[in-house]
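> Okay, here's the structure, questions in a sec.
The values are calculated or read from the model by the stated rules, or taken from the named source; none is laboratory data. As the structure is a computational prediction, the values presented were derived from the model and not from experiment. Cβ placement follows ideal geometry from the backbone for every residue including glycine, while neighbour counts extend to all protein chains displayed.
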Amino acid sequence: MAMNRRQMIRMLGLGAGASFLAPWAERTLSHAIGQAAAPRKRLIVFAVSGFDPGGYTPIEVSSGRTQGKDSLPSSVSPMTNFTWPSNFSPIEDLRQNAMIIDGLTNPITGGSTLHGCGFGALTCQHPQGDAASLAPPRGSSIDQYMAQTLSANAPKSSLLFGVSHRAFAKGWDREASLFSAGTGQSLGHATKASVLRNEIVGLAAPDAGPDLETGRRQALRDALNADFGRLRARLAGPERERLDVYESAIVEFDRRFELRDSVSCGSPPSAQNDTPNSRMESMMDMATLSLECGLTNVVGVAVGTVDNHDEHLPRYNGIGEIPVHDYGGTRYGQLMDELHQFHWTLLRRTLDTLDQSDAPDDETYILYVSTRGTSVNSSHHAQLERWPALLYAKSSNVDLGGRYLRYPGRERSFAELCKSLAQIAGVCPSGFATGANVAGPVNGLLPEVVGSATAACG
């Protein structure tokens, strides 16, 4: 007879650290006593404020860029034998689990704006009021829609974070321009590593006192040390080894974070010690740990997504400032390649970490997508009529096949890709992007993505 979580916690004698350890311990214990545990399904939506066509197009295929403008040639049959774009080189050896998709449309701004698309990007719906990027959302973003199912039993529905020039320059803790829980329900994403960490620590040690940076941190350490000891005494063999790996990951993360704090000596971190690079790395580490232990199953990442040219892309260390009005230039493409490679280096580290703790049937999905688009006549940014994405799926039920797929312009939509992603992850897609304000067309699921995958509805 399967144990519920409360019974498992009581059996293991877990204390204050239970909310942090229980999801991980529940699965580990189930395997140890020969019980089947439901597979974990995890989602990362990584949204970036710009794609260069050459960075996601195989060299064997024309990017469709001529005279500083984008034009989409006729559709290309799904390709498997092609040169993997350098943007995604950190996962080239995992390309069988991925698909590059071009030619989707997402006309969420009416084709008039030259800047970011705000809440419309991931909701696939026209914002309320005018078409301004920061107008209130009309629906749920795909990450939050899927979180209702994927994180239904997790302590936290999702972790949302990201970096941008404006937040960094002004010292903002949070920003809101992308993620939405529904009509008029915008969600802020953390822009500081310390803010995101306090969210996690607060869940793990909610009664430790008001001082998040001292009281809760020490309380969490004490609680985890005690609970790790209780678990270790009850586990043996491979399960104990997995516990040691997990504990080491937590200890190492806490050590690295404390080093960041010690450098600043109690004052706000300097630009040298608190860069977009370090923020992204720290927050991705926290997200990885949260996914690994089951604190949440959904992560949303926003990179430079607000409606301002200065926000176009963060100035990562080692990557020069990308000239926003030089779209398509040689240097632009080179910088964009380096930017995306940095993102995928972080994502690959996450995938490798999760793989070490995964059960064979656990699943991980990544949607990597641009959030900007313009009319077909624009010479910079990505286009509404050409909304590229990379989809990654580690699942025994999905075969993306390492393919490159190009749809003819305006025939299939990004909303259909989002619905297809929900389908392959076992989430009913029928409730996403519905109503009169959807950026169409929405003709159904993308057969090249879903294959024979089904999701129960109702």
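> Do any helices (runs of 4 or more DSSP H) entirely within segment 209-323 hold 2 or more residues that are over 22 Å from the mean Cα position of the chain (by Cα), among the acidic types (D, E) and modelled with pLDDT of 70 or more, and if so, which?
Result: 217-234, 238-264.
> Any residue at all in segment 358-367 that's at pLDDT 90 or above, touching a Ser or Thr at 6+ places or on another chain (Cβ under 6 Å) and either within 26 Å of L187 (Cβ to Cβ) or assigned to a loop (DSSP other than H, G, I, E, B) (or both)?
Checked segment 358-367: at least one residue is at pLDDT 90 or above, touching a Ser or Thr at 6+ places or on another chain (Cβ under 6 Å) and either within 26 Å of L187 (Cβ to Cβ) or assigned to a loop (DSSP other than H, G, I, E, B) (or both).
> If a residue must be out of contact with any Phe, Trp or Tyr (no Cβ under 7 Å at 6 or more places or on another chain), in a strand (DSSP E or B) and at pLDDT 90 or above, how many such residues does segment 141-187 contain?
Count: 5.
> If T353 meets every condition in (1) buried (at least 23 other Cβ atoms within 10 Å of the Cβ); (2) under 19 Å from V301 (Cα atoms); (3) among the hydroxyl-bearing types (S, T, Y); (4) modelled with pLDDT under 95 apart from one, which number is that one?
(1)
> If you don't mind, there's one more thing I want to ask. State all residues of segment 150-169 that are farther than 17 Å from N277 by Cα and surrounded by fewer than 19 Cβ atoms within 10 Å (Cβ to Cβ); if no residue qualifies, say none.
Result: A152, N153, P155, K156, S157.
> Would you be able to say whether some residue in segment 419-428 is in contact (Cβ under 8 Å) with a residue 60 or more places away in the chain, under 17 Å from A121 (Cβ atoms), of a type outside the set (D, E, K, R) and part of a loop (DSSP other than H, G, I, E, B)?
no
> Specify the residue that is nearest to P107 (Cα to Cα); the eligible residues are those in segment 415-445 that are in contact with a Ser or Thr (Cβ under 6 Å, 6 or more places away or on another chain) and at pLDDT 95 or above.
Residue satisfying both the conditions and the ranking: L445.
> Next question, about the same structure. Please go through segment 188-208 and give me each residue that is assigned to a helix (DSSP H, G or I) and either at pLDDT 90 or above or among the small types (G, A, S) (or both), ordered by number.
Within segment 188-208, A193, S194, G202, A204 qualify.
> Return the total of residues in segment 408-453 being hydroxyl-bearing (S, T, Y), over 26 Å from D361 (Cα atoms) and surrounded by 22 or more Cβ atoms within 10 Å (Cβ to Cβ).
So the count comes out to 1.
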